[in-house]
1. What does the net charge come to around Asp145 if you take all other residues with beta carbon closer than 14 Å to its beta carbon, with K and R at +1 and D and E at -1?
2. Which aspartates and glutamates, on any chain, are close to Lys88 with Cα under 19 Å apart, when same-chain ones fewer than 8 places away are left out?
3. Sequence neighbours fewer than 8 away in the same chain don't count; with that in mind, list the lysines whose C-alpha is under 27 Å from Lys312.
4. Taking the Cα centre of segment 146-260 as origin, sum charge times position over the Cβ atoms of Lys and Arg (+1) and Asp and Glu (-1), and report the length of that vector in debye to the nearest 20.
5. Could you tell me which residue out of Ala215, Phe170, Gly106 lies farthest along the dipole of segment 102-229 toward its positive end? Charges go on the beta carbon: Lys and Arg +1, Asp and Glu -1, centred on the Cα centre.
6. Positive end of the dipole of the chain, charges at C-beta (+1 Lys, Arg; -1 Asp, Glu), about the Cα centre: which of Gly190, Pro18, Phe180 has its Cα farthest in that direction?
7. Hey, what's segment 146-260 come to in accessible area per residue, 1.4 Å probe, Å²?
8. For the chain, what does the relative contact order come out to in percent, with C-alpha contacts under 8 Å and a separation of six or more?
Amino acid sequence: MASTIKRIGVLTSGGDAPGMNAAVRAVVRACIYYDIEVFGVYKGYDGLINANIKQLYVRSVSNILSRGGTFLLTARSEEFRTKEGREKAYENFKKFDLDALVVIGGDGSFTGANIFSQEFDVPVIGIPGTIDNDLAGTDFTIGFDTACNTAREAIDKIRDTASSHERLFFVEVMGRDAGFIAVNSAIGGGAVAMVVPEHNWTIDALIKRLRKGAANKKASNVVVIAEGCQLGNAYEVADAVKKELGYFDIRVTVLGHLQRGGSPTTMDRVLASRLGVAAVEGLRHGESKVMVGMINNEIAYTPIGQAIKTEKRLGAEEFRIAKILSI
Ligand code: F6P
């Protein structure tokens, strides 16, 4: 049966992530390959509400594969959270004669996509783009690998100065309520400990780990703190440790938004390219209200509601490995 999808809109929404451009490029080129007209919606859902929409062509996406950020711009739209906002968005969806929407973003963007798709019975497909990696239905989200590499590279640099001065560093990384960036950058960067929201660390346990390292003549110590962890931010954790372990010369570094920028890694470019093509092919084959992800290196379509509601668990294995290696 011939596909009824003739015109697709594509937008990026929420926090930008390296590889979003690669995903837009893949959507645009796959559309053109399949004779589908494709329209860029600028500034996330706000662009749909304000009709900030332009047709994209094969050369519109030249030279963006290697660039971080998103050339379509992004926003966390407050107006789209309201029924009135979504009605305006639907008016423009119809005005531009769109048949489907591809949303590249994280859980907040997908919550909006799910509601919009249900309210107006519009075919919508999500592509997971967030550095946090906190979506079920995909092993990795676009931008996560680049963010981990950025954080790990920063930890390597901090390690140089930490060991020169025999200091203890607390490095805070992003991830919102999830510890994926923390765990990966900590293992990759040889951190003595990682404090993440998913794991019940206590200050006492952290102190015990650091004392043991000191007894083993550990020259430099880097502790990775996930921004959403229950012990507080990196400054608070550092203060609590300082009270007990006064002999450590302690410094704190908060990596912040630099983790969101930069040229995407090959992993992120390939993931974004595969998911972008699979999103268009999924729509052609009648998929809707799903997120396209990659599970065990295979394309998988998961209902959007399930992707945002299911908690993606951090593996216990990473903690075991990190503990063994931290002595
Ligand atoms: O979701 C991506 C993310 O970078 C989180 O890791 C972080 O908590 C949040 O966005 C920061 O949001 P903003 O850019 O609005 O400060």
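The values are calculated or read from the model by the stated rules, or taken from the named source; none is laboratory data. Keep in mind that this is a model prediction, so the values were computed, not measured. Ideal geometry is used to build each Cβ from the backbone, glycine not excepted, and the neighbour counts take in all protein chains shown. Note: accessible area is taken over every heavy atom of the protein model, side chains too, but ligands, DNA and RNA are not part of it. Shrake-Rupley method; radii C 1.70, N 1.55, O 1.52, S 1.80 Å.
1. Net charge in that neighbourhood comes out at 0.
2. Once the sequence-local aspartates and glutamates are set aside, what remains near Lys88 is Asp46, Glu78, Glu79, Asp97, Asp99, Glu119, Asp121.
3. Lys289, Lys323
4. Dipole about the Cα centre, nearest 20: 360 debye.
5. Ala215
6. Among Gly190, Pro18, Phe180, the one farthest towards the positive end of the dipole of the chain is Gly190.
7. Here the per-residue accessible area is 45 Å².
8. Computed value for the chain: 23 percent relative contact order.
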